[in-house]
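Contents: one structure, followed by commentary.
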Amino acid sequence: MDFFSSLKISSSGLSAQRLKMNLISSNLANVNTTRTPQGGPYQRKEVVLKAEPIQSEFYDALQSRLEGRISEVTVSDINEDQRPPVIKFDPNHPDADEKGYVSFPNINVIEEMVDMMTASRSYEANVTAITTAKSMAAKALEIGR
């Protein structure tokens, strides 16, 4: 794998994890949102990531000799969670129905925090991979001196 392919792979991972962190932040910020412009409570959003084979001249030249396919991360889709809302009795809430029940988003704060920690660790791993690739390239240039 060439230097630029490794940077491309890691940078795609950084972008994907940044988007995932943004969605998690949005989910946590809207944990008590009972009214949206579409009507009803906020729907939790989740990102769907997929591996796409990278395209480079170096990779294409050696593709037949590689055992596995080298892939970068792309965002396939952003889905709304289809779990039903959490119904709570609160007759004083402005969004309560005629029986006094309010529909709250079905967002599990603990699940969101675990997803946030996972995305954060993945982001850190990609930063480390970029730093290592840059260091290896710098060392390779020093050899030529």
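For region 23-52, which positions are within 9 Å of the chain's Cα centre (by Cα) and either within 22 Å of residue 85 (Cα to Cα) or of a type in the set (Gly, Ala, Ser) (or both)? So that I can check it myself, show each step before the final result.
Step one: list which residues in region 23-52 are within 9 Å of the chain's Cα centre (by Cα), which gives 23-24, 46-49.
Correct list: 23, 24, 46, 47, 48.
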Across region 81-124, which residue is nearest to residue 18 (Cα to Cα) among those that are touching an Asp or Glu at 6+ places or on another chain (Cβ under 9 Å) and polar (S, T, N, Q)? 106
Does region 124-135 contain any residue that is of a type in the set (Lys, Arg) and modelled with pLDDT of 95 or more? no
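A quick yes/no check of all residues on (1) surrounded by 13 or more Cβ atoms within 10 Å (Cβ to Cβ); (2) more than 28 Å from the chain's Cα centre (by Cα); (3) at pLDDT 90 or above; (4) not in a loop (DSSP other than H, G, I, E, B):
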site	(1), (2), (3), (4)
72	yes, no, no, yes
75	yes, no, yes, yes
99	no, yes, yes, no
107	yes, no, yes, no
Please enumerate the residues belonging to region 22-50 that are surrounded by fewer than 17 Cβ atoms within 10 Å (Cβ to Cβ) and part of a helix (DSSP H, G or I). 22, 25, 26, 28, 29
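Scan region 83-109 residue by residue and report those that are free of Cβ contacts under 8 Å to residues at least 60 places away in the same chain and charged (D, E, K, R). Walk me through it before giving the result.
As a first pass, look at region 83-109 and keep what is free of Cβ contacts under 8 Å to residues at least 60 places away in the same chain: 83-94, 96-101, 108.
Hits for region 83-109 are 83, 88, 90, 97, 98, 99.
The values are calculated or read from the model by the stated rules, or taken from the named source; none is laboratory data. Every value quoted in this text rests on a predicted model; they were computed, and no experiment measured them. All Cβ positions, even for glycine, are placed from backbone atoms using ideal geometry, and neighbour counts span all protein chains on display.
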